[in-house]
1. Using protein chains only and a probe of 1.4 angstrom, how many square angstrom of Leu38 are accessible, to the nearest 10?
2. State, to one decimal in nm, how far the label point of Arg25 lies from the label point of Asp125, with both points 7 Å from Cα in the Cβ direction.
3. What is the spin-label model distance, in nm, from Glu49 to Gln104 if the labels are put 7 Å beyond Cα along the C-beta direction?
4. Quick one: among His35, His65, His119, which has the greatest mean-square fluctuation in a GNM of the chain with alpha-carbon springs under 10 angstrom?
5. Please list, in order along the stretch 98-112, the HN-Hα scalar couplings obtained from phi with the Karplus expression 6.51 cos²θ - 1.76 cosθ + 1.60 (θ = phi - 60°), rounded to whole Hz, x for Gly and Pro.
6. What net charge is computed for the residues neighbouring Leu142, neighbours being all others with C-beta under 15 Å from the C-beta of Leu142, Lys and Arg scored +1, Asp and Glu -1?
7. Tell me the label-point distance for the pair Glu138, Ile74, using the 7 Å Cα-to-Cβ offset, in nm and rounded to one decimal.
8. Show that you can apply the helix-only estimate: for the chain, add -39,500 (n - 2.57) for every DSSP H stretch of four or more residues, divide by all residues, and state [θ] at 222 nm to the nearest 500.
Amino acid sequence: MDQACQVDFYVLARPTQSAGEVVCRLAMMAWEQGHKVLVRTGSENEARELDELMWDYPPGRFLPHESETGNEEIPVSIATAESEIPGYRDVIINLCTEPVPEPQRYRRLCEIVPAEAEHRNASRDKWRIYRDQGLDLEKHDLN
C-alpha cells in the first residue's frame, strides 16, 4: 500500500449508544465509496449480533455482508479477532480490545471506543500503540 493508514477513533459518549449502529453506518459509507470492509469482533456472539443488525440497519437500506472472510466479492465481512484479515480488505472496523495487527497494510482503520471505562482503557492502549507506529490518528466524539 503506497499511502499511510488513517486511524480514526469513534468515541461513544453514553453506554446507551449502539456501537453496532456506528459500525453499520461506517461500513455503509465505506462500501458506497468502493472499499472492501472487514469488521473485527471480540466474539462469535458479537459477530452474530452484528450480522443480524446489518440486515435491518440503517433502515430502508441493505448492506451486503457475510460472516466469513472468504468471498472477495462481498463488500463487508464480519470476523472475530482470531480470523486472519485478507489482503483485499482495505478498511478495518475494530470492535476488539486488541489492536489490529500490521495496520499499515490497510488504507483506513476505524476503532470504536465504548463509553464504559474498562473498554476506554483498552482504546487508550491502542491509541499509544498506533501512535508509536507512526500512524495518523484522529478522534471523533459521537454525542
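1. 0 Å²
2. Spacing of the two 7 Å Cα→Cβ label points: 2.8 nm.
3. Each label point is offset 7 Å from its Cα along the Cβ direction, giving 3.5 nm.
4. In this elastic network of the chain, the residue with the biggest mean-square fluctuation among His35, His65, His119 is His119.
5. Karplus values, whole Hz, x for Gly and Pro: 8, x, 6, x, 6, x, 5, 6, 10, 6, 8, 10, 10, 9, 9.
6. Working: positive: Arg14, Arg25, Arg120, Lys139; negative: Asp8, Glu21, Glu111, Glu116, Glu138, Asp141.
The answer is -2.
7. 2.9 nm
8. Details: 3 runs with 43 residues, N = 143.
Computed mean residue ellipticity for the chain: -9500 deg cm²/dmol.
The values are calculated or read from the model by the stated rules, or taken from the named source; none is laboratory data. Please read all numbers here as calculations on a predicted model, not as lab measurements. Positions of Cβ are backbone-derived with ideal geometry, glycine not excepted, and every protein chain shown enters the neighbour counts. Ligands, DNA and RNA are excluded from the accessible area calculation, which covers all protein heavy atoms including side chains. Shrake-Rupley method; radii C 1.70, N 1.55, O 1.52, S 1.80 Å.
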